[in-house]
Amino acid sequence: MAIVKNAVYMKEVELPFCPGCGHSQILPQLDKAMAKLNLDPRKTVLVTDIGCVGLSDQYFNVSAFHGLHGRSITYACGLKMANPELTVIVLMGDGGLGIGGTHFINAARRNIDITVIIFNNFNFGMTGGEHSVTTPFGGKTATTYLGNIEYPLDACSLVQAVNGGFAARSTIFDKNLADLIAEAIAFKGFSVVDVWEYCTAYYVPRNELNKEKMMKLLETYGFKTGIVHKVERKEYIESYREVYLNQPQKQVKQISLDTEFENNLTQKTEIIIAGAAGQKVKSSATVFGSSAILSGLYATQKDDYPITIMTGHSVSEIILDKKEINYTGIESPDYLIIIAPEGLAKVKRIIQSMRETSTIIIDDNLVSLLPDTKAKVEIFPFRKTANAIDRFSITILSLATFLARTNLFPIEALKKAVKLTQKEAIAEINLKAIDAGAKLVEEGAYAK
Amino acid sequence: MIEFLDGNEAIVKGAIDAGCKFFAGYPITPATPILLGMMQELPKVGGFAIQAEDEIASIGFCIGASMAGKKAMTATSGPGISLYSENIGLAIMGETPLVIVDVQRQGPATGSATKDGQGDIQFIRWGTSGGYPIIAISPTTVEECYTFTIYAFNLTEIFRVPVFLVSSKELSMTRQRIDWSRIEKPEVIDRKYLPEDANEYKPYYFENIDDVPLFSPFGGKHIVRYTTSTHDEYGNLLTTPEKIQIMMEHLDKKINEEKIKKYFPHIVKFDKQDDAEILVISYGITARSAIEAVELARSQGLKVSHLIINLLWPVPESEIKKATIGAKTIIFPEMNNGQYVLEIERIVDKSKVKIVRINQMDTTLINPRKILIEIIKNNGG
Ligand SMILES: Cc1ncc(C[n+]2csc(CCOP(=O)(O)OP(=O)(O)O)c2C)c(N)n1
Ligand code: SF4
């Protein structure tokens with residue numbers, strides 16, 4: 001049947017849909033709406049979903065994007081974010097609305113400036129008339145042959161629920177359909193028009209659907225028609241521009257860790273710091289690694305902590321070498337620094353595997369928890385000393401003690417790394433902690 | 001400039017330097033830092049970054065943005081790649097430039113969520129319906145995370161096919177000393193555009209079957225059609241079998257080892273030792289264990305060669321064939337149940353070469369000694 005005459009954007013060829021299919025009636029209204037807005041075909045994209053409705057774009061002389069089932073809204077959003085000048089119109093069925101529900105809700109919630117037209121024929125046309133999220137209760141479809149036992153979704157209410165921009169409902173019998181579609185397209189923000197229509201191949205014959213029954217359905221469910229919801233609120237891409245693109249540019253200082261200090265490293269050295277959440281283990285390990293690099297060394301760092309980041313262990317592994325470090329696994333470290341019971345529990349197996357030549361440096365409160373080990377043990381009052389400064393400084397303090405004991409590279413390098421990489425207030429505390437940590441060794445405050 | 005960076009940070013820098021202007025992702029360890037980094041960096045260069053509602057939307061946004069002319073990237077781990085699956089097929093079918101970073105972790109489903117693995121190697125190749133090819137490149141160091149990201153963009157722009165940058169937790173989340181003065185910065189190459197003054201655009205037109213169609217963005221000077229369906233040069237649905245055959249062959253033939261090599265000179269790294277009968281083959285983070293194992297073996301007077309594969313897909317068969325000449329034993333360590341070794345077994349003459357698999361799936365890096373033991377065991381046949 002359907003060849004649309006005198007259309008502006010539509011090709012004058014026969015449409016592929018079944019006789020009487022509502023799709024053939026909606027498309028000319030879309031054409032009228034587009035003509036009313038005088039859309040530029042190059043700047044207009046029809047994004048079609050899968051289904052019979054997905055055949056539509058081929059009949060328009062505008063740009064078209066035919067994507068996957070249910071995902072049309074995602075491509076539409078991508079196109080729009082990449083080029084906000086585009087007018088992006090999604091044509092999808094009620095099938096697409098169901099499978100892509102999350103994209104519908106989130107596009108509405110973001111209030112991104114695209115328009116979605118739902119070709120709502122209460123079932124999947126293309127696959128043979130199975131039920132969809134909009135099939136009325138009791139509706140007969142291939143998969144609800146004794147009647148639908150699910151209730152239909154109200155797309156407009158969904159938009160309302162997330163305070164999206166614009167939602168309207170209409171039917172193929174509505175004389176104002178083109179105007180309604182035009183208003184939706186012109187709306188700055190997310191807009192949807194839920195158009196109720198016929199699938200003459202499946203839903204209509206199975207349910208003896210006619211205009212009267214369709215109107216009755218609207219009434220039964222209390223589904224409003226016309227513009228159901230409209231709010232003016234900032235469009236998503238505009239917000240992104242305002243908040244993110246126009247953010248004040250902070251001057252980031254470029255920090256180069258050029259060699260400034262000597263080192264006394266003789267071989268690949270593996271260090272593990274076993275602490276707890278809140279002790280700044282990770283960031284202190286990074287400062288330490290940076291200081292090793294300032295001393296002309298190669299360094300690697302990796303961290304281990306539970307997903308529940310504010311509790312439990314925090315363990316960092318550092319490897320130092322004079323050459324490129326390839327393998328970054330540590331089976332049995334040369335040095336193990338233990339500053340919290342959570343960390344200790346995590347490295348128990350490692351402690352048992354440590355060799356005679358290796359050293360454990362441990363806070364004095366934790367000695368009683370230490371399992372048997374072949375490693376040498378050195379005990380320092382880390383916690384007590386750190387608490388006098390700031391308890392978060394315990395990691396950097398213990399690393400300063402470690403450096404003073406081993407003399408792998410100068411304490412000055414650690415201080416320099418703190419100054420280079422940390423904010424002034426924090427750096428000040430950490431510099432104090434480094435002095436205190438080094439002093440623990442000068443005072444000979446260790447025991448074996 | 002010397003820094004202390006991890007692989008994820010290097011990937012972000014590489015993406016920005018490659019001209020990436022669009023990123024969409026969904027948080028997942030160990031790929032989340034890439035999302036966070038792109039959200040920080042892209043606005044500074046006028047780009048767009050978004051946390052999507054899920055991975056399907058992430059890749060969908062990227063495909064849309066890419067076809068509007070932006071260089072696009074997304075990043076995830078195994079579970080997210082699973083959700084990308086159908087859209088990977090769309091990007092192949094629609095010939096969409098897109099970089100996909102897979103920071104692998106161990107195991108199926110949620111697996112060991114924050115631990116290392118290399119189990120997605122076959123999945124990324126075969127993870128979408130139809131069986132058509134993608135490109136996958138695999139860095140082994142933080143430096144390569146940077147350079148290979150730029151190469152990944154170049155390759156995806158040139159060949160208009162999704163390019164996977166295959167990382168893993170240990171590579172992406174271990175800091176390393178980086179000396180920028182020693183890092184290669186590949187020339188940035190953009191997709192080939194149809195001249196703006198051309199009258200008509202046939203979005204999927206190619207002259208030779210292995211040519212890549214010219215690009216014109218949505219919103220540009222031409223009317224553009226993009227489609228998920230088998231299509232003709234106009235992007236209209238194809239139903240004639242002979243034409244479908246040509247179109248499918250085109251998708252298959254437009255990429256191959258030789259063509260890729262021109263734009264990505266590091267498809268393999270072959271450390272050959274003359275007269276060595278043992279060859280270690282590796283890729284990704286495991287290559288670094290293998291490098292140490294080979295050093296250890298040689299320091300003991302053993303002869304062993306080492307092939308690192310950086311282009312995982314399509315398989316660099318001719319380079320592999322070259323490297324395996326004269327090898328009596330191939331040792332292949334992988335942090336999975338034996339995946340890429342299948343490609344090697346397919347290529348070499350198994351009656352002449354013994355293939356030793358080292359498969360470690362305990363989330364820890366393979367100790368070089370484990371590889372060394374196999375080298376010693378197999379020394380002298
Ligand atoms: C992922 C996926 N699942 C299933 C299908 C099969 N499929 C094609 S069309 C369709 C439903 C279409 O129904 P609707 O969206 O209502 O559009 P209509 O055909 O009624 O126009 C389905 C399920 C598909 N293409 N992709
Ligand atoms: S099957 Fe239904 S939706 Fe599809 S063309 Fe026929 S009447 Fe229209």
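The values are calculated or read from the model by the stated rules, or taken from the named source; none is laboratory data. All of these numbers come straight from a predicted model, not from anything done at the bench. So basically every Cβ, Gly included, is an ideal-geometry build from the backbone, and we count neighbours across all protein chains shown. Note: areas computed on protein heavy atoms with side chains; ligands, DNA, RNA excluded. Shrake-Rupley method; radii C 1.70, N 1.55, O 1.52, S 1.80 Å.
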Flagged pairs (Cβ under 9 angstrom, 6 or more apart or on separate chains; first in the stretch A:6-25, within 18 Å of A:Ala178 (Cβ to Cβ); second within 9 Å of ligand 2 (Cβ to nearest atom) and assigned to a strand (DSSP E or B)) are A:Gly22/A:Phe119; A:His23/A:Gly93; A:His23/A:Phe119
Flagged in the stretch B:158-205 as away from chain A (no Cβ under 14 Å) and of a type in the set (Phe, Trp, Tyr), in numbering order, are B:Phe159, B:Phe164, B:Tyr193, B:Tyr205
Screening A:Leu420, A:Leu336, A:Leu397 for residues that are under 23 Å from A:Glu443 (Cα atoms) and in contact (Cβ under 8 Å) with a residue 60 or more places away in the chain leaves only A:Leu336
Heads up, the strands (runs of 3 or more DSSP E) in the stretch B:233-323 (entirely inside) with at least 1 residues that are open to solvent by 60 Å² or more (accessible area, probe 1.4 Å), modelled with pLDDT of 95 or more and within 22 Å of B:Ile134 (Cβ to Cβ) are B:268-271
In the stretch B:91-142, anything under 13 Å from the mean Cα position of the chain (by Cα), assigned to a helix (DSSP H, G or I) and touching a residue at least 60 places away in the same chain (Cβ under 8 Å) is listed as B:Ile121, B:Gln122, B:Ile124, B:Arg125
Scanning the stretch B:34-56 for residues that are within 12 Å of chain A (Cβ to nearest Cβ) and under 21 Å from the mean Cα position of the chain (by Cα) gives B:Met38, B:Glu55, B:Ile56
Those residues of the stretch B:13-43 that are assigned to a helix (DSSP H, G or I) and not hydrophobic (A, V, I, L, M, F, W, C) come to a total of 9
Residue set A:Tyr9, A:Tyr59, A:Tyr75; condition open to solvent by 20 Å² or more (accessible area, probe 1.4 Å) and of a type in the set (Ser, Thr, Tyr); output residue A:Tyr59
Scanning the stretch B:57-87 for residues that are part of a loop (DSSP other than H, G, I, E, B) and at the interface with chain A (Cβ under 8 Å from one of its Cβ atoms), the one surrounded by the most Cβ atoms within 10 Å (Cβ to Cβ) turns out to be B:Ala68
With criteria (1) more than 8 Å from chain B (Cβ to nearest Cβ); (2) of a type outside the set (Ser, Thr, Tyr); (3) surrounded by fewer than 24 Cβ atoms within 10 Å (Cβ to Cβ); (4) in contact with a Ser or Thr (Cβ under 8 Å, 6 or more places away or on another chain), A:His23 comes up short on (3)
Taking the stretch A:111-163 and keeping only residues that are open to solvent by less than 10 Å² (accessible area, probe 1.4 Å), within 13 Å of ligand 2 (Cβ to nearest atom) and within 14 Å of chain B (Cβ to nearest Cβ), one is left with none
In the set A:Leu46, A:Leu68, the lone residue that is within 13 Å of ligand 1 (Cβ to nearest atom), in contact with a helix residue (DSSP H, G or I) (Cβ under 8 Å, 6 or more places away or on another chain) and modelled with pLDDT of 95 or more is A:Leu68
Exactly one of A:Leu97, A:Leu91 is over 18 Å from A:Val162 (Cβ atoms), aliphatic (A, V, I, L, M) and either assigned by TED's automatic domain parsing to the domain that holds A:Met34 or away from ligand 2 (no atom under 16 Å from the Cβ) (or both), and that one is A:Leu91
How many residues of the stretch A:71-104 are closer than 17 Å to A:Asp194 by Cα and more than 7 Å from chain B (Cβ to nearest Cβ)? The answer is 17
In the stretch A:365-380, anything buried (at least 16 other Cβ atoms within 10 Å of the Cβ) and of a type outside the set (A, V, I, L, M, F, W, C) is listed as A:Thr373, A:Glu378
Note on the stretch A:26-48: residues within 16 Å of ligand 2 (Cβ to nearest atom), open to solvent by less than 20 Å² (accessible area, probe 1.4 Å) and more than 10 Å from every other protein chain (Cβ to nearest Cβ) are A:Ile26, A:Leu27, A:Leu30
Quick count over the stretch B:22-39, residues being out of contact with any strand residue (DSSP E or B) (no Cβ under 7 Å at 6 or more places or on another chain) and closer than 23 Å to B:Asn154 by Cβ, is 1
Restricting attention to the stretch A:239-270, the residues that are more than 10 Å from every other protein chain (Cβ to nearest Cβ) and open to solvent by 80 Å² or more (accessible area, probe 1.4 Å) number exactly 9
Check your understanding: Could you say whether any residue in the stretch A:82-92 is within 16 Å of ligand 1 (Cβ to nearest atom), open to solvent by less than 10 Å² (accessible area, probe 1.4 Å) and within 23 Å of the chain's Cα centre (by Cα)?
Key -> no
Picked from the stretch B:340-361 (must be in contact with a strand residue (DSSP E or B) (Cβ under 8 Å, 6 or more places away or on another chain) and part of a loop (DSSP other than H, G, I, E, B)), the residue farthest from B:Ser138 (Cα to Cα) is B:Val353
Those residues of the stretch B:44-56 which are touching a strand residue (DSSP E or B) at 6+ places or on another chain (Cβ under 7 Å) and either open to solvent by 10 Å² or more (accessible area, probe 1.4 Å) or assigned to a helix (DSSP H, G or I) (or both) amount to B:Phe48, B:Gln51, B:Glu55
When A:Thr74 is run through (1) of a type outside the set (Gly, Ala, Ser); (2) away from ligand 2 (no atom under 16 Å from the Cβ); (3) out of contact with any His (no Cβ under 6 Å at 6 or more places or on another chain), the failure sits at (3)
Checking A:Leu414, A:Leu408, A:Leu399 in turn, the sole residue that is outside any helix (DSSP H, G or I) and either open to solvent by less than 40 Å² (accessible area, probe 1.4 Å) or within 25 Å of A:Lys253 (Cα to Cα) (or both) turns out to be A:Leu408
When A:Met354 is run through (1) of a type outside the set (S, T, N, Q); (2) in contact (Cβ under 8 Å) with a residue 40 or more places away in the chain; (3) buried (at least 19 other Cβ atoms within 10 Å of the Cβ), the failure sits at (2)
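Results for (1) of a type in the set (S, T, N, Q); (2) within 16 Å of ligand 2 (Cβ to nearest atom); (3) away from chain B (no Cβ under 14 Å), shown as yes or no for each residue.
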residue	(1), (2), (3)
A:Val193	no, no, yes
A:Tyr202	no, yes, yes
A:Pro205	no, yes, yes
A:Glu208	no, yes, yes
A:Met215	no, no, yes
A:Glu219	no, no, yes
A:Tyr236	no, no, no
